[in-house]
Amino acid sequence: MHRKTGKDGIKMIERKGNLLKYTGALSVLLFFFLCYVASLYTPSFSLWKNAYSDLGTHMSGCPGIFNYSLIFLIAPLMGAFSFYLIKIARGKIQTVGASFILQSSTFLAFIGIFPKGRGPHDFVAFWFFMSYFIGILLWSVKEDSPRKVLGIVLFLLFLIGFIIPFPSVALAETYALILILIFTTTIALSQQPKE
C-alpha cells in the first residue's frame, strides 16, 4: 500500500491550482450560455435592442437565472481566475493587475445583486469592465513581448469600443467580453513560469 507523503499532497494541490487557469475563459463562456438560457424565458429580449442586464429585471421571465448565475457562479469563477493570476504573477505590477481583475469579479456579483434600475447598477456594471481592462493592462506590462503587445492592444480596443456606435448595450458588452475571452484563453493556453 502506497502511503501519501507531504510531497504528494503538494503536487495534488498544484495540479488542482493549475485548473484555475481555465476559469477565466469558462466564466465568459458560461455567461454567454446562461444569458442564452435566460433569453429563452424572455422572448422580448434582443441583442440588438437590450442590455444583458435586462435579463435580470422584471422584464425577464426568470430574472434569477441571470442574477444568481452572476452572483454564485460566474463572479466566483472570475475570482478564481484572478487567484491563478496572483499565483503566477511575476512582480508587484502583475499582482496589482490580478487584484484589479479580482475587484472586477466583485463588481460582477454586484450586477446580480443590484439588477438594472436599482441602486448602483450602472456604477458597478461600468466598473466591472473598467477594472477588468485596467487589470489586463497592468498584467500585460510585465509580460513577454507577444503577450505584452496583446494585452495593450486589448486595452486599446476596449477604449475604442467607447466610440463605436453599437446599436445596443448588449452588443457593446459582447464586444468587451470577447476581448476578455481572448485574454483569458491566451493565459490558459500559455505557460506562465514564475521567475
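The table below lists the values:
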{"item": "Least to most buried among H58, H121 (fewest other Cβ within 10 Å first)", "result": "H58, H121"}
{"item": "0 to 90° range, to nearest 10: angle between helix 75-88 axis and the chain longest Cα axis", "result": "30"}
{"item": "Estimated distance in nm for a label pair at L47 and T185, the labels positioned 7 Å out from Cα along Cα-to-Cβ", "result": "1.5"}
{"item": "Positive-end residue, the stretch 20-189 charge dipole about Cα centroid, Cβ charges, pick of F110, S168, G97", "result": "G97"}
{"item": "Stretchable slack from I160 to L73, in nm (0.36 nm times residue separation minus alpha-carbon distance)", "result": "28.4 nm"}
{"item": "Principal-axis tilt of helix 6-19 within the chain, Cα atoms, nearest 10 degrees", "result": "30"}
{"item": "Sorted by Cβ density within 10 Å, fewest first, the residues F32, F107", "result": "F32, F107"}
{"item": "Pairs of lysines in the chain (C-alpha under 21 Å apart; 8 or more residues apart or interchain)", "result": "23"}
{"item": "FRET efficiency, S145 to N18 (Cβ-Cβ, R0 30 Å, nearest 0.05)", "result": "0.80"}
{"item": "Calculated SAXS-style log₁₀ I(q)/I(0) at q = 0.10, 0.13 Å⁻¹ - the stretch 45-195, Debye, Cα scatterers", "result": "-0.36, -0.59"}
{"item": "Estimated inter-spin distance, F123 and V37, nm [label 7 Å along Cα→Cβ]", "result": "3.1"}
{"item": "Rounded tilt (10° steps) of 23-40 against the dominant C-alpha axis of the chain", "result": "20"}
{"item": "Contour excess over end-to-end distance, with Cα ends at M59 and T174 and 0.36 nm allotted per residue", "result": "39.4 nm"}
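Every number in this text was worked out from the coordinates using simple rules, so none of it is lab data. Keep in mind that this is a model prediction, so the values were computed, not measured. So basically every Cβ, Gly included, is an ideal-geometry build from the backbone, and we count neighbours across all protein chains shown.
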